[in-house]
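**Student:** This structure is in structure tokens; I'll ask about it shortly.
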Amino acid sequence: MKVRKLFEEGHTITWSYLKELEWPWEALSQIQTYIEELGPTLDTSEFDAHPNNVWIHKSATVAPSAHIGSFIIIDADAEIRHSAFIRKDAIIGKNAVVGNSTELKNVILFDSVQVPHFNYVGDSILGYKAHLGAGVITSNVKNDHTLVKVTCGVDRIDTGLKKFGAILGDHVEVGCNSVLNPGTVIGPSTDIYPLSMVRGFVPAGCIYKTQGEIVKKT
């Protein structure tokens, strides 16, 4: 579940920051501060600065109907489609796709991430080439509003966070209409079946069929 086990080196403008952390969710409470510091240092020949601490790469495509809030960085060749709702505190990687009616809040999307159809991604980090099928939701607050813990076998790691959606390693595929419960961590190259309800840690290189049936890829 540690940063260097979940993500290949690079593939995000945030790598110099993330690589210094042990647990990836440590970044979630610092995304706005990081954007505030990084934005003004971006090359003005490549990025346009906008009000409300927004920086958009000149090669990115942003639909006129998309909502771009505050504290946002959109990197090269990203595509922000019709009616995307990027609320605040979002770093969107190179070649990423944020699609129709998708909402982002307090997130890091690595390069080539796709959240293309009716997704909610809040207080989460999605690794390189991770993909969410239509209707996938990251649930980021527990029903009882207590602090989120990550479950791994019999161990429970206290994150100290009230809001924490999901961490997806590189190349994770999540099937349509799945819900990733607060504190979900999915290892690289794992596939999640459609209509799944996922919680806790799912190892790398697996197929998640149900909570009780997780098999290694062959």
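The values are calculated or read from the model by the stated rules, or taken from the named source; none is laboratory data. Since the structure is predicted, the reported quantities are computational estimates derived from the model, not experimental observations. For neighbour counting, all protein chains shown are included, and Cβ atoms are generated from backbone atoms with ideal geometry for every residue, glycine included.
**Student:** Go through the range 26-74 and report how many residues are part of a strand (DSSP E or B) and of a type in the set (D, E, K, R).
**Tutor:** Qualifying residue count, the range 26-74: 1.
**Student:** Taking Ala66, is it small (Gly, Ala, Ser), buried (at least 21 other Cβ atoms within 10 Å of the Cβ) and free of Cβ contacts under 8 Å to residues at least 40 places away in the same chain?
**Tutor:** No: the conditions fail for Ala66.
**Student:** Show the residue pairs that are 6+ apart or on different chains and have beta-carbon atoms under 9 Å apart, the first residue being within the range 1-19 and touching a residue at least 12 places away in the same chain (Cβ under 8 Å) and in a loop (DSSP other than H, G, I, E, B), the second being of a type in the set (S, T, N, Q) and surrounded by 20 or more Cβ atoms within 10 Å (Cβ to Cβ).
**Tutor:** His11/Ser112
**Student:** Sticking with this one: Would you say Ser45 is surrounded by 14 or more Cβ atoms within 10 Å (Cβ to Cβ) and either over 19 Å from the mean Cα position of the chain (by Cα) or small (Gly, Ala, Ser) (or both)?
**Tutor:** Spelling it out, it is not the case that Ser45 is surrounded by 14 or more Cβ atoms within 10 Å (Cβ to Cβ) and either over 19 Å from the mean Cα position of the chain (by Cα) or small (Gly, Ala, Ser) (or both).
**Student:** For Ile108, state whether it is aliphatic (A, V, I, L, M), closer than 12 Å to His11 by Cα and in contact (Cβ under 8 Å) with a residue 24 or more places away in the chain.
**Tutor:** yes
**Student:** So which of Thr159, Thr138 ends up being among the polar types (S, T, N, Q) and surrounded by fewer than 21 Cβ atoms within 10 Å (Cβ to Cβ)?
**Tutor:** Only one candidate passes the filter, namely Thr159.
**Student:** Which of (1) part of a loop (DSSP other than H, G, I, E, B); (2) closer than 28 Å to Asp158 by Cβ; (3) of a type in the set (Lys, Arg) does Lys94 not meet, given it meets every other one?
**Tutor:** Condition not satisfied by Lys94: (2).
**Student:** Of everything in the range 157-212, what is aliphatic (A, V, I, L, M), touching a residue at least 60 places away in the same chain (Cβ under 8 Å) and over 23 Å from Gly10 (Cα atoms)? Give them in sequence order.
**Tutor:** Once the filter is applied, which keeps residues that are aliphatic (A, V, I, L, M), touching a residue at least 60 places away in the same chain (Cβ under 8 Å) and over 23 Å from Gly10 (Cα atoms), the range 157-212 yields Ile157, Leu161.
**Student:** Can you tell me how many residues within the range 166-190 are under 13 Å from Val136 (Cβ atoms) and in a strand (DSSP E or B)?
**Tutor:** 8
**Student:** Follow-up. Looking only at the range 85-125, which residues are surrounded by fewer than 24 Cβ atoms within 10 Å (Cβ to Cβ), of a type in the set (Ser, Thr, Tyr) and in contact with a Ser or Thr (Cβ under 7 Å, 6 or more places away or on another chain)?
**Tutor:** Residues satisfying the conditions are Ser101, Tyr120.
Every residue, every condition in (1) in contact with a Gly (Cβ under 6 Å, 6 or more places away or on another chain); (2) modelled with pLDDT of 95 or more; (3) not in a loop (DSSP other than H, G, I, E, B), yes or no:
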{"site": "Ile108", "(1), (2), (3)": "no, yes, yes"}
{"site": "Val121", "(1), (2), (3)": "no, yes, yes"}
{"site": "Lys129", "(1), (2), (3)": "no, yes, no"}
{"site": "Asn140", "(1), (2), (3)": "yes, yes, no"}
{"site": "Ile157", "(1), (2), (3)": "no, no, yes"}
{"site": "Phe164", "(1), (2), (3)": "yes, yes, no"}
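**Student:** Follow-up question, since we're still on this one. Looking only at the range 162-180, count every residue that is among the β-branched types (Val, Ile, Thr) and surrounded by fewer than 19 Cβ atoms within 10 Å (Cβ to Cβ) and tell me the total.
**Tutor:** Selection size over the range 162-180: 1.
**Student:** Right, another one. Looking only at residues that are over 27 Å from His145 (Cβ atoms) and out of contact with any strand residue (DSSP E or B) (no Cβ under 8 Å at 6 or more places or on another chain) in the range 181-211, which one is surrounded by the fewest Cβ atoms within 10 Å (Cβ to Cβ)?
**Tutor:** In this case the residue turns out to be Thr210.
**Student:** Another one. Just checking, which of Thr151, Thr146 is in a strand (DSSP E or B) and either more than 21 Å from Ala66 (Cβ to Cβ) or modelled with pLDDT under 95 (or both)?
**Tutor:** Thr151
**Student:** If you check every pair at least six apart or on different chains, which have Cβ atoms under 7 Å apart with a residue in the range 36-49 that is at pLDDT 95 or above first and a residue that is assigned to a strand (DSSP E or B) and acidic (Asp, Glu) second?
**Tutor:** none
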